[in-house]
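Chemist: Mind looking over this structure? Questions follow.
Coordinate-derived values only; no laboratory data. Just so we're clear, the structure is a prediction, and the values are computed from it rather than from any experiment. FYI the Cβ positions are ideal-geometry reconstructions off the backbone, even for glycines, and counts take in every protein chain you see.
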Amino acid sequence: MTSPAFDASAFRERALSQNGRAPEQAWRDHGDHKLNPDLFAYYEDLDMRAAAVLVPVVDYGNEARVIFTRRTTKLRKHSGQISFPGGSIDPEDRSPEDAALRECEEEIGLDRKFVQPVARLPDYLAGSGFRITPVLSVVQPGFSLTLNPDEVDTAFEVPLGFIMDPANHAQGTTMFAGHMRQYYEIKFGEHRIWGITAGIVRTIYERLYA
């Protein structure tokens, strides 16, 4: 049986009592940003657009599972990559939580009545020019998904215990902005979770479970 440490109730408690500095101060401390301190100045000089993603943790009793999407190849940025539902924060959005819920409804049809936002992670600064606020949430079962084919190819779930196991967090390297950049990647079946999404997953691990 799955460890109770990876059920939705424990996830909520850990999210509300995160380790580390307050989210608005802590992006340098976690995930792949921590692996690449030579890129801090590069990210800080970018003209960032505010965005938000929803981290949807589904409450299946003793086993929580996390919803991911694979973006279509039609999209201009991060096409074909594994991601959390989300996007830019629009002027009419009241908060990052509101933006994340709206984007989730638009991309995969997850009705917000099933979703309880719990806490934020530190912002993630993306080289594509977005300052992303990850919104941790708990999702009650009973929902159905309707994918927007212009944005999402597929949606799938991964056990929370799997992505919170550091043994599944591999590291790779690539050239970025003239620097050798290190990143995390997590392989689950046919899916390769890497880049921004893996950086956010690693931050969840470091702040909630490490």
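Chemist: What FRET efficiency do you get for S88 and K113 if R0 is 25 Å and r is their Cβ-Cβ distance, rounded to the nearest 0.05?
Modeler: With R0 = 25 Å, the Cβ-Cβ based efficiency is 0.60.
Chemist: Per residue of the stretch 136-145, what does 6.51 cos²θ - 1.76 cosθ + 1.60 with θ = phi - 60° give for ³J(HN,Hα)? Whole Hz please, x for Gly and Pro, Karplus curve as stated.
Modeler: Per-residue couplings from phi come out as 6, 8, 10, 10, 7, x, x, 7, 10, 10 Hz.
Chemist: Please state the equivalent ellipsoid semi-axes for the chain: what are the square roots of 5 times the Cα gyration tensor eigenvalues, largest first, in whole Å?
Modeler: 24, 20, 17
Chemist: So for the pair D150, A50, with labels modelled 7 Å out along Cα→Cβ, what separation do we get in nm?
Modeler: The modelled label-to-label distance comes out at 2.5 nm.
Chemist: Same structure, new question: Based on the Cβ-Cβ distance from A210 to Y42, what FRET efficiency comes out when R0 is 35 Å, to the nearest 0.05?
Modeler: Using R0 = 35 Å, I get an efficiency of 0.85.
Chemist: Hey, got the dipole for the chain? About the Cα centre, +1 on K and R Cβ, -1 on D and E Cβ, debye to the nearest 20? Mind dumping the intermediate values first?
Modeler: Working: 23 positive and 30 negative charges, 76 e Å.
Result for the chain is approximately 360 debye, rounded to the nearest 20.
Chemist: Roughly how many nanometres apart are two label points built 7 Å out from the Cα toward the Cβ at D165 and K187?
Modeler: So the label points at D165 and K187 sit 1.5 nm apart.
Chemist: If the viscosity is 0.890 mPa s and the temperature 25 °C, what translational diffusion coefficient in µm²/s does Stokes-Einstein give for the stretch 118-164 when Rh comes from Kirkwood over Cα pairs?
Modeler: 178
Chemist: Which of the peptides 180-188, 99-107, 42-50 is most tightly packed, and how do the rest follow, going by the mean number of other Cβ atoms within 10 Å of each residue?
Modeler: Working: 180-188: 17.0, 99-107: 23.0, 42-50: 13.1.
Per-residue Cβ counts within 10 Å, averaged per peptide and sorted highest first, yield 99-107, 180-188, 42-50.
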